[in-house]
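S.K.: Below you'll find the structure I mean.
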Amino acid sequence: MKKLAIYGAGGHGRVVADTAIVLGWQEIVFYDESWPQHQKNSIWPVVGNYENLLANLVEYDGVIVAFGNCLIRLEKTRELNRLCAPIVSLVHPRSFVSPNSTLGQGSVVFAGAVINIEANVGDASIINTGATVDHDCIIGSGVHICPGANLSGGVEVGETSWIGVGSCVRHGIKIGANVIVGAGAVIVKDVPNGVTMLSVAASQINS
Ligand SMILES: CC(C)(COP(=O)(O)OP(=O)(O)OC[C@H]1O[C@@H](n2cnc3c(N)ncnc32)[C@H](O)[C@@H]1OP(=O)(O)O)[C@@H](O)C(=O)NCCC(=O)NCCS
């Protein structure tokens, strides 16, 4: 029986678990700091906290960190990797990941996402539902490309940046580390480290 431990029992963790099920993982359990108050995450049990996970590592065929927070996800994945945990990446069977691209340890690619030729995605990254990462993109570790975001060819995204839902990035743009790109933003110029980028938001003009 293939057993997967997921650290991080929130909404993102549930999508990770669902993806794991369609990939054939037979037993899935969560670990989270909200344990023991929190004993279930949807249909899956929450069985302990991080300390318990470390104590039980040998029981699992795979381990993955599923926090939405990019920095925590990356740091915990690196820590577990140093402890020789069997970190896995999950690629939904209804996504497309070019055989000529690379995907780092502990990363997930959800349903409907596309990673095209010679794109590189680092460790502990999320290519979320329906997002596209086109040819020659370089996506750092701990990055989250949110649902429906579109990165044209040759875009670079630095570590732990968060590219918001439905945003789009012009070809060849370089986005720094620890950047937030707001929902629906259109990025046409390079972005330095650590900033938040917004486009004009929709506003109500009559009642
Ligand atoms: C950019 C973002 C992080 C800002 O969040 P926040 O700091 O909580 O900001 P607030 O919601 O308080 O909004 C502050 C102002 O920015 C505006 N704003 C917020 N998000 C915006 C966006 N995406 N585009 C344009 N304007 C935006 C708000 O309208 C508000 O304007 P006001 O001061 O004139 O009323 C957030 O709105 C966002 O877009 N997050 C991406 C979410 C996402 O992709 N989730 C996917 C999870 S899988």
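S.K.: Stick to the Cα atoms of the chain, pair each with every other, and give me the Kirkwood hydrodynamic radius in Å at one decimal.
M.R.: That comes to 17.3 Å for the chain.
S.K.: Between I138 and I43, take the C-beta separation as r, use R0 = 35 Å, and let me know the FRET efficiency to the nearest 0.05.
M.R.: Taking R0 as 35 Å, the efficiency between I138 and I43 is 0.40.
S.K.: Treat each spin label as a single point 7 Å out from the Cα along the C-beta direction, and report the N178 to L83 distance in nm.
M.R.: In this crude label model, N178 to L83 measures out at 2.5 nm.
S.K.: Enter the per residue convex hull volume of segment 112-207, computed from alpha-carbon coordinates, in Å³ rounded to the nearest integer.
M.R.: Output value, Cα hull per residue: 87 Å³.
S.K.: Using a simple spin-label model with points 7 Å from Cα along the Cα→Cβ vector, what separation in nm is obtained for V195 and F96?
M.R.: Inter-label distance under the simple model: 3.4 nm.
S.K.: Report the full-extension gain for the segment N52 to A111: residue separation times 0.36 nm, less the Cα-Cα distance, to one decimal in nm.
M.R.: That pair, N52 and A111, stretches by 18.2 nm at full extension.
S.K.: Something else: If you take every DSSP beta bridge fully contained in segment 10-119, what fraction is antiparallel? Give it as a percent rounded to 5.
M.R.: Expressed as a percentage, antiparallel bridges in segment 10-119 total about 20.
S.K.: What would the Debye equation give as log₁₀ I(q)/I(0) for segment 48-104 at q = 0.20 Å⁻¹, counting only Cα atoms as equal point scatterers?
M.R.: Rounded to two decimals, the profile gives -0.85.
S.K.: Quick check for me: using +1 on Lys/Arg Cβ and -1 on Asp/Glu Cβ, what's the dipole size of segment 1-81 about its Cα centre, in debye to the nearest 20?
M.R.: Here segment 1-81 has a charge dipole of around 180 debye.
S.K.: I would also like to ask the following. So what is the relative contact order of segment 140-207, in percent, for Cα pairs below 8 Å that sit 6 or more residues apart?
M.R.: It rounds to 25 percent for segment 140-207.
S.K.: Continuing with this model, one more query. I need the peptides 103-114, 72-83 ranked by packing, meaning the mean over residues of other C-beta atoms within 10 angstrom, with the highest value on top.
M.R.: Going from most to least packed, we get 103-114, 72-83.
S.K.: Another question, then. Going toward the positive end of the dipole of segment 123-207, with +1 on Lys and Arg Cβ and -1 on Asp and Glu Cβ, which of A202, I187, G154 do you reach last?
M.R.: Result: A202.
S.K.: Amide H to amide H, which residues 5 or more places from S167 or on other chains are under 5 Å from it, using H placed in the peptide plane?
M.R.: Placed amide hydrogens put A149, N150, G184, A185 under 5 Å from S167.
S.K.: For segment 35-138, taking Cα atoms only, what is the radius of gyration to one decimal and the Dmax to the nearest whole Å?
M.R.: Rg and Dmax of segment 35-138, Cα atoms, are 15.0, 45 Å.
S.K.: Which cross-chain or sequence-distant (5 or more) residues have an amide H under 5 Å from the amide H of M197, H modelled 1.01 Å from N in plane?
M.R.: Under 5 Å from the amide H of M197: I180, V181, G182.
S.K.: Still on this structure: In whole Hz and in residue order, list the ³J(HN,Hα) couplings for segment 11-25 that follow from phi through the Karplus curve 6.51 cos²θ - 1.76 cosθ + 1.60, θ = phi - 60°; x for Gly and Pro.
M.R.: Once rounded to whole Hz, the list reads x, 4, x, 5, 5, 4, 5, 4, 5, 4, 4, 5, 8, x, 5.
S.K.: Measure out, as a whole number of angstrom, how far apart the alpha-carbon centroids of segment 62-99 and segment 4-35 sit.
M.R.: Centre-to-centre (Cα) distance: 11 Å.
S.K.: Specify which residue in the list A124, I145, V58 is farthest towards the positive end of the charge dipole of the chain, using unit charges on the beta carbon of Lys, Arg (+1) and Asp, Glu (-1), about the Cα centre.
M.R.: Of the options given, the answer is I145.
S.K.: Something else: Might you tell me the accessible area per residue for the chain, computed with a 1.4 Å probe and given in Å²?
M.R.: Heavy-atom SASA per residue in the chain reads 47 Å².
S.K.: If you don't mind, another one. Tell me, what ³J(HN,Hα) does each residue in segment 175-190 have, in order and in whole Hz, if you take phi through Karplus 6.51 cos²θ - 1.76 cosθ + 1.60 with θ = phi - 60° and put x for Gly and Pro?
M.R.: 9, x, 8, 6, 9, 10, 9, x, 3, x, 6, 10, 10, 10, 10, 4
S.K.: Which percent of the accessible heavy-atom area of the chain goes to carbon and sulfur, probe 1.4 angstrom?
M.R.: Here it works out to 55 percent.
S.K.: Ok, one more. By how many nm would the segment from S203 to L71 grow when fully extended, if each residue of separation counts as 0.36 nm and the alpha-carbon distance is taken off?
M.R.: The span from S203 to L71 would gain 44.3 nm if fully extended.
The values are calculated or read from the model by the stated rules, or taken from the named source; none is laboratory data. Treat the numbers as computed from the prediction; the structure is a model and nothing was measured. Here Cβ is always computed from backbone atoms with ideal geometry, including for glycine, and neighbour counts include all displayed protein chains. What goes into the accessible areas is simple: the full protein's heavy atoms, side chains included, and nothing from ligands, DNA or RNA. Shrake-Rupley method; radii C 1.70, N 1.55, O 1.52, S 1.80 Å.
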